[in-house]
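K.L.:
To start, I am sharing the structure in question, which I have written as structure tokens.
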Amino acid sequence: MSQPSSAILPLDEYKSIFYQLNAKPDTEIRLLSDGRTFGKTLELADIISINERIGSKLKNHDITADITSLNFILTNKKIKDYSSWAEFDREKWDTVNEKIESFTINWDILIKLPQYQLPQRHSIKLRIGTVIPPKDVFQLLLTSDDVLELLETTADGICKIDFINNILAIELLNIISNWYEGLKESPKPNIIHRFLKSQGSLVSEIIRCATPILLLIIAYIYSEYLFIILGIKKDISIDNFFIFFILLITIFTFGSFVGRKIERSIDRKINKFEEYPKFSITRGDKKAIEDYEKNNKKLTMEIATRIFWILFSMLFSFIFKLFIQHI
């Protein structure tokens, strides 16, 4: 409909009225990690608890409207999205066979503040679990210049709040931080697992470098028998020198080849170590916890066995040489 020219507001006056009715929100982000634990495990009761805590806090304010929505990213590329708390409350999690990879809950709230004529929107976003897998982080670093986006997608736990009232925002952030600190801590891995996870690459590199030296030491221990087998005389001659030099190079090259194979094998097994599941909600989460303990114990034993046999082979060489000499 056409409007009389006298009813059309100038742009500056319109902007003035708009900002009197609606304020521009600020944003604050808090990473939920203290760096001292081995991670947290989220259970269904914890989700109910944080919703009750936020609800109890909001009862102290003039709330015009509030909506709680939840999102779960599962394995097998499945997503469960709930537009309200009532829908989430009806879910039967014992029948879900997939494992939860990421959980997000959003509170959208309209609060009536004294200095504004209209209720002002506040929104809270709480996420546990990384949005993208670690293998895709490097690609995100190359394609995104937004620091906030990098923080939100790579952090294991994050809380983001868009607010008008700064005091209320800080109170809500503190509630969520205290709730997160009170979550059940993941069990501490055994000492061998922790050592291999932190120093495993160094151990495999030492084994790679030590393998050719170990073979040379073994060759030296049995040198007199090698000379007899290869027909090398102990007198000094150019022919004997070249044969002996070629033998050393062959042993060292073969040792380097074997060392690299062992290093790669150990590194592959260390990379297969699993982190303790962050969730214990679905049937798939319970199974993932069982698989974590079983698989990591198996990998630890395999790596420890390989390292043991490398050390044992050198010790056996000395013992066997002494046995032969004694006979």
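The values are calculated or read from the model by the stated rules, or taken from the named source; none is laboratory data. From a predicted model like this one, the values you see are computed outputs, not experimental measurements. Virtual Cβ from ideal backbone geometry, glycine too; neighbours counted across all protein chains shown. Note: areas computed on protein heavy atoms with side chains; ligands, DNA, RNA excluded. Shrake-Rupley method; radii C 1.70, N 1.55, O 1.52, S 1.80 Å.
K.L.:
Protein chains only, probe 1.4 Å: how do T27, T41 rank by accessible area, largest first?
P.N.:
T27, T41
K.L.:
If the label point is 7 Å along Cα→Cβ of H61, which residues in the stretch 89-125 have backbone nitrogen under 16 Å from it?
P.N.:
Under 16 Å, as judged by backbone N against the label point of H61, lie 106-125 of the stretch 89-125.
K.L.:
Another question, if that's okay. Is there a pair in K59/K184; K80/K294; K92/K298; K261/K294; K188/K294; K92/K160 whose C-alpha atoms are over 24 Å apart, and which pairs would that be?
P.N.:
Values: K59/K184 28 Å; K80/K294 29 Å; K92/K298 33 Å; K261/K294 26 Å; K188/K294 15 Å; K92/K160 28 Å.
From K59/K184; K80/K294; K92/K298; K261/K294; K188/K294; K92/K160, over 24 Å: K59/K184; K80/K294; K92/K298; K261/K294; K92/K160.
K.L.:
Oh, and also: Just reorder T211, T253 by solvent-accessible area, largest first, 1.4 Å probe, all chains present.
P.N.:
Working: T211 15, T253 80 Å².
My answer, sorted largest first, is T253, T211.
K.L.:
Relative to the Cα centre, what is the charge dipole magnitude of the stretch 42-114, using +1 at the beta carbon of each Lys and Arg, -1 at the beta carbon of each Asp and Glu, and rounding to the nearest 20 debye? Spell out each step's value before the answer.
P.N.:
Numbers: 10 positive and 13 negative charges, 18 e Å.
Once rounded to the nearest 20, the dipole reads 80 debye.
K.L.:
Would you please put 75-85, 97-107 in order of how densely packed they are, using the mean number of other Cβ atoms within 10 angstrom per residue and starting with the highest?
P.N.:
Values: 75-85: 12.6, 97-107: 19.0.
Ranking, from highest mean packing down: 97-107, 75-85.
K.L.:
Now for a separate question. How much of E224 can a 1.4 Å solvent probe reach, expressed as accessible area in Å² and rounded to 10?
P.N.:
80
K.L.:
By how many nm would the segment from I170 to D108 grow when fully extended, if each residue of separation counts as 0.36 nm and the alpha-carbon distance is taken off? Please list the in-between numbers first.
P.N.:
Details: separation 62, 0.36 × 62 = 22.32 nm, distance 1.63 nm.
So the chain would gain 20.7 nm between I170 and D108.
K.L.:
Now for a different question. Order L183, L31, most accessible first, counting only protein heavy atoms with a 1.4 angstrom probe. Please list the in-between numbers first.
P.N.:
Working: L183 10, L31 90 Å².
Largest accessible area first, the list is L31, L183.
K.L.:
Once you place label points 7 Å from the Cα toward the Cβ at S177 and W93, how far apart are they in nm?
P.N.:
2.6
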